[in-house]
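Participant: Have a look at the structure that comes next, please.
The values are calculated or read from the model by the stated rules, or taken from the named source; none is laboratory data. Keep in mind that what you see is a predicted model, and the values were worked out from it rather than measured. Positions of Cβ are generated from backbone atoms using ideal geometry, with glycine treated the same way; all protein chains shown enter the neighbour counts.
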Amino acid sequence: MVGAQTGNQRDWITLDAPAAAVADVIAAAGCPEGIARLLVTRGFVTSDSVAAFFSPSLSDLHSPMLMLGMPQAVERIRRAIAASEPILIYGDYDVDGTTATVLLKTAIERCAPKETPAIVRYHVPHRIREGYGMQTGVLADAAAAGVRLVISVDTGIRAFAAAAEAKTLGLDLIVTDHHLPDDAAGVPDALSVINPAQPGCPYPFKSLCGAAVAFKLAHALLDAACDDNAARRLLETRLIPSFLKLVAIATIADSVPLEGENRVLAMLGLRELANPVQPGLRALMEVAEIPTDRAPTAMEVGFRIGPRINAAGRMDVASDVVELFLTRDQDRARELAAKLNRLNDERKATEAQALEAIDARLAEMEGTHGGFPALCLVMDDAEWHRGVIGILASRIVDRTGRPALVLTHEDGHAHGSGRSIDGYHLLDALTTAHTSQAEALFTRFGGHAHAVGFSLPTSRIALLRECMEAHSAEMLAGELLSPPLECDVELRLSEVTTGFHGWLERCGPFGIGNPEPLFLTRGVTLAAFPRVIKERHVCLEISDGSNRISAMGWARRGLNWAERASAMSLGPGSRLDIVYRLRFKTNSYFTGLELEMVEIRHSQA
């Protein structure tokens, strides 16, 4: 990293890209220098890696048979299909779990001969009544109904009691999951455990979401069912691309790193979403106001499709999502999509009400202590809806830059969700808290580095707060809480063109692991007085003498752009350095490029 300088609030750092490597990427791809610098800083320096980055294909996906436990799972499911055994898919109530349920059910049914259809049932738990994870009572009911094979999706890696119960009931259990296993306890005693994160699994990519793991099992089953080259061509050209639509939605919505195989799955799936044939998917995109004649962006999936799917599990019953993606009835699809849209509106209202209380608490903390009293914030309230506590934790992280746990409770028991920041492994923190006590802290917990879920007696919330304060004080260094602003590429304003933006779009989808780039441009001149919008936002017209472009500052907690512009005494002729994201706007008022400001300062140039 080079070019550290002190800005208004923190240091700005420009990532270093060796000139020789940049030249090689330009030669290989024919891209602008700024795009080449971006690729080099993200590790794409060979012609093969650059070609694969810009043009991913199905051949870039790893064979599902590389996963530990896959051969045994495929053999057992094929045997169940041949014998017409009832199969139960045990899902989860979020985007990842519901789409995984749809993918695997569809694949199993497709593998069965028409004259003897597969008998595939599914269970998606109710968030409030059942909570996260496999419940033994559901397994007992399934066994009583004649089920002999249970397959979990997006859950099960810590379901030791459920695995033991399944064995007692005479059920074969196949666990497919992506969450991290318990290092001390290992994995459940099941017929097969499919999880690239488990010890001993040779699968080369470890960060798949739950739906992608279920897709790998579906792929292996469909491949095993191909009895000639024509069937295999159909699988590769139609079936797998169709499955990737839901895999992409889950991959983006579940916030797994959009790098490696995840980026391939997301890119190929987004491309297929330009043709949403299935009635439920089309209806969902319509209520989310996403055009169905082009591929949606990752942002549209993450902020319009994902929340509507999640709203079912947060506010009502997630089985509606499974029905939505399975139905062939257009009227029923529209009805279900409209319901998800209404539930999402309810979710937003519930979230907004809780955020008012959270903002008041955060302001009180800052006012009382001159800053936040803990490095990891733990907040609880019996009035908060369990369906939105994960979102609330994310909002606290966004507002404070600190990891956060949010809990709600009733009848003596608390349920919580947590989100973290880069560099602080939240599941490790919970594991330490759990094992450091003479009596186990949690009744259940799980997740990964950035997100966790857990439950515990209400009486132990104070102890949880103490444990998290102690752990974060030891593990969180100051730089993690106040990191420098990393600028991916420094550009001249003349380089910011529609052609450059076209190349930038090819570098997506953006998310964790492949973050949306931040660009730095120095020494631009303000061409007019700032235009204040709704008292808090601001629009700047900037120029370098040859190129003129609008730069928008959208206010957020702790940053009022109108006040910032006034405090800096900005006016015509002011020279600025600016860090921004690049946007292409298309609306009735304006079509073209626009900068979305992240930070500005008076130019030293």
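Participant: Keeping to region 414-436, report how many residues are over 23 Å from residue 395 (Cβ atoms) and loosely packed, with under 14 Cβ neighbours inside 10 Å.
Facilitator: Of the residues in region 414-436, 2 are over 23 Å from residue 395 (Cβ atoms) and loosely packed, with under 14 Cβ neighbours inside 10 Å.
Participant: Just wondering, is there one or more residues in region 374-385 that are of a type outside the set (Asp, Glu), on the phi > 0 side of the Ramachandran plot and either out of contact with any Cys (no Cβ under 6 Å at 6 or more places or on another chain) or surrounded by 14 or more Cβ atoms within 10 Å (Cβ to Cβ) (or both)?
Facilitator: no
Participant: Since residue 277 meets every condition but one in (1) crowded, with 19+ Cβ neighbours inside 10 Å; (2) under 18 Å from residue 242 (Cβ atoms); (3) at pLDDT below 95, which condition does it not meet?
Facilitator: Of everything listed in (1) crowded, with 19+ Cβ neighbours inside 10 Å; (2) under 18 Å from residue 242 (Cβ atoms); (3) at pLDDT below 95, residue 277 misses just condition (1).
Participant: While we're here: Could you grab the pairs with beta carbons closer than 7 Å, sequence gap of 6+ or different chains, first residue in region 116-143 and assigned to a strand (DSSP E or B), second one among the hydroxyl-bearing types (Ser, Thr, Tyr)?
Facilitator: From region 116-143, the pairs are 122/101; 123/90.
Participant: Return yes or no: is residue 96 at pLDDT below 95 and crowded, with 24+ Cβ neighbours inside 10 Å?
Facilitator: no
Participant: Quickly run through region 578-605 and pick out the residues that are closer than 25 Å to residue 507 by Cα, buried (at least 17 other Cβ atoms within 10 Å of the Cβ) and either more than 32 Å from the chain's Cα centre (by Cα) or among the hydroxyl-bearing types (Ser, Thr, Tyr) (or both).
Facilitator: Result: 580, single match.
Participant: Hey, another quick one. Hey, among 200, 210, 269, 186, which residue is without any contact (Cβ under 8 Å) to a residue 40 or more places away in the chain, outside the structural domain of residue 39 (by TED's automatic domain parsing) and either among the aromatic types (Phe, Trp, Tyr) or within 30 Å of residue 430 (Cα to Cα) (or both)?
Facilitator: Just one listed residue meets the conditions, 186.
Participant: Moving on to the next point. Quick check on region 173-193. Is at least one of its residues closer than 21 Å to residue 109 by Cβ and of a type in the set (D, E, K, R)?
Facilitator: Within region 173-193, not a single residue is closer than 21 Å to residue 109 by Cβ and of a type in the set (D, E, K, R).
Participant: Here is a further query. Residues that are small (Gly, Ala, Ser): which strands (runs of 3 or more DSSP E) entirely in region 1-112 hold 1 or more of them?
Facilitator: Strands (runs of 3 or more DSSP E) meeting the threshold: 2-6.
Participant: Only one residue in 149, 208 is within 30 Å of residue 388 (Cα to Cα), aliphatic (A, V, I, L, M) and surrounded by 21 or more Cβ atoms within 10 Å (Cβ to Cβ), so which one is that?
Facilitator: 208
Participant: Let me ask something additional. Report, by residue number, each residue of region 160-196 that is in a loop (DSSP other than H, G, I, E, B) and modelled with pLDDT under 95.
Facilitator: 179, 180, 181, 183, 184, 185
Participant: How many residues does region 571-605 contain that are at pLDDT 85 or above and not in a strand (DSSP E or B)?
Facilitator: Residues in region 571-605 being at pLDDT 85 or above and not in a strand (DSSP E or B): 5 in total.
Participant: Could you check, for region 62-70, whether at least one of its residues is under 22 Å from residue 502 (Cβ atoms) and not hydrophobic (A, V, I, L, M, F, W, C)?
Facilitator: No, every residue in region 62-70 fails to be under 22 Å from residue 502 (Cβ atoms) and not hydrophobic (A, V, I, L, M, F, W, C).
Participant: When the residues of region 290-345 are filtered to those that are under 21 Å from residue 386 (Cα atoms) and acidic (Asp, Glu), which remaining residue is surrounded by the most Cβ atoms within 10 Å (Cβ to Cβ)?
Facilitator: 320
Participant: In addition: Would you check if there is a residue in region 270-277 being in contact with a strand residue (DSSP E or B) (Cβ under 8 Å, 6 or more places away or on another chain) and farther than 22 Å from residue 393 by Cα?
Facilitator: No; the residues of region 270-277 include none that is in contact with a strand residue (DSSP E or B) (Cβ under 8 Å, 6 or more places away or on another chain) and farther than 22 Å from residue 393 by Cα.
Participant: Going residue by residue through region 325-337, is there one that turns out to be in contact (Cβ under 8 Å) with a residue 12 or more places away in the chain, of a type in the set (Gly, Ala, Ser) and in a loop (DSSP other than H, G, I, E, B)?
Facilitator: No: zero hits.
Participant: Answer yes or no as to whether residue 77 is crowded, with 24+ Cβ neighbours inside 10 Å, assigned by TED's automatic domain parsing to the domain that holds residue 224, more than 29 Å from the chain's Cα centre (by Cα) and touching a residue at least 60 places away in the same chain (Cβ under 8 Å).
Facilitator: When the stated conditions are applied, residue 77 passes them.
Participant: From the list 487, 467, 539, which residue is closer than 30 Å to residue 156 by Cα and either touching a helix residue (DSSP H, G or I) at 6+ places or on another chain (Cβ under 8 Å) or not small (Gly, Ala, Ser) (or both)?
Facilitator: When all the criteria are applied, what remains is 467.
Participant: While we're looking at this one, here's another question. Name the single residue that is farthest from residue 453 (Cα to Cα) among those in region 397-413 being of a type in the set (Gly, Ala, Ser) and surrounded by fewer than 20 Cβ atoms within 10 Å (Cβ to Cβ).
Facilitator: 401
Participant: While we're on this one: Hey, can you tell me all the residues within region 426-437 that are at pLDDT 95 or above and in a loop (DSSP other than H, G, I, E, B)?
Facilitator: Listed by number, the list is empty, since nothing qualifies.
Participant: Additional query: Run residue 222 past the list (1) crowded, with 21+ Cβ neighbours inside 10 Å; (2) free of Cβ contacts under 8 Å to residues at least 24 places away in the same chain; (3) of a type in the set (A, V, I, L, M, F, W, C) and report the number of the one that doesn't hold.
Facilitator: Looking at each condition in turn, residue 222 falls short on (2).
Participant: Within region 204-216, does at least one residue satisfy the condition of being of a type in the set (D, E, K, R), more than 18 Å from residue 75 (Cα to Cα) and over 18 Å from the mean Cα position of the chain (by Cα)?
Facilitator: So far as region 204-216 goes, no, none of its residues is of a type in the set (D, E, K, R), more than 18 Å from residue 75 (Cα to Cα) and over 18 Å from the mean Cα position of the chain (by Cα).
Participant: Suppose we keep only residues that are assigned to a loop (DSSP other than H, G, I, E, B) and charged (D, E, K, R) within region 438-488. Which one would you say is surrounded by the fewest Cβ atoms within 10 Å (Cβ to Cβ)?
Facilitator: 439
Participant: Of everything in region 386-396, what is crowded, with 23+ Cβ neighbours inside 10 Å and under 16 Å from residue 131 (Cβ atoms)? Give them in sequence order.
Facilitator: 387, 388, 389 - these are the residues of region 386-396 that are crowded, with 23+ Cβ neighbours inside 10 Å and under 16 Å from residue 131 (Cβ atoms).
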